[in-house]
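Everything on this sheet refers to the single structure shown next.
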């Protein structure tokens, strides 16, 4: 996977945006980057919102135009990925793929589109912070629930699902999220700064296990 910044990456303002929109996006990016560096260096509770705004040289009012809380800004890299994934599900053709394959392809495409070097470092810092910050974990779960509902609405609108709350589609989404969380957790424990290509590799490895799960038999361990 290329680490070059793509036009649609959250780390690079799109040239089609107006000057005002590009400035707003750049401010948002500076808030995310600076917040993650501050929280990593001083601890999530050790750096205040005032510290962040002072470092970026913006007012707290500007901060709240972009984010609702410290947790919100610290979780932004993962949220950007899943927002891009929703966009993929909204626009890409399902073709002849299964529902699970369609979801997997959408997430991998979002990662490929989002995962430049700057974003990858942000995601890594965010993941490591979330592991030791309960309030971030709680907000991440809330975001996951909202995103799942949004994905279900897209799938029902675009695919021939029997019902808006189709159990099969919901379980497929749950498997997608579980695979991502497992891959992200393994990826985040590595030393240094692993790349987005390594995260994609781990994600594909998790996806590859899913089809065979129903047929795997686990007998009792010998005494």
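The values are calculated or read from the model by the stated rules, or taken from the named source; none is laboratory data. Keep in mind that this is a model prediction, so the values were computed, not measured. Reconstructed Cβ throughout: ideal geometry from the backbone, glycine too, with neighbour counts over all protein chains shown.
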Query raised in the report: Considering 137, 116, which residue is assigned by TED's automatic domain parsing to the domain that holds residue 200, within 14 Å of residue 72 (Cα to Cα), touching a helix residue (DSSP H, G or I) at 6+ places or on another chain (Cβ under 8 Å) and modelled with pLDDT under 95?
Result: 137
Report summary line: Checked segment 32-64 for anything farther than 22 Å from residue 132 by Cβ and touching a residue at least 24 places away in the same chain (Cβ under 8 Å); matches are 56, 58, 62, 63
Report task. Only residues that are assigned to a loop (DSSP other than H, G, I, E, B) and either surrounded by 16 or more Cβ atoms within 10 Å (Cβ to Cβ) or assigned by TED's automatic domain parsing to the domain that holds residue 136 (or both): list them for segment 28-49, please. Result -> 44, 47
Report task. Determine whether residue 146 is surrounded by fewer than 15 Cβ atoms within 10 Å (Cβ to Cβ), under 19 Å from the mean Cα position of the chain (by Cα), in the same structural domain as residue 98 (by TED's automatic domain parsing) and in contact (Cβ under 8 Å) with a residue 24 or more places away in the chain. Result -> no
Query raised in the report: Condition test on residue 160, is it over 30 Å from residue 44 (Cβ atoms) and modelled with pLDDT under 95?
Result: yes
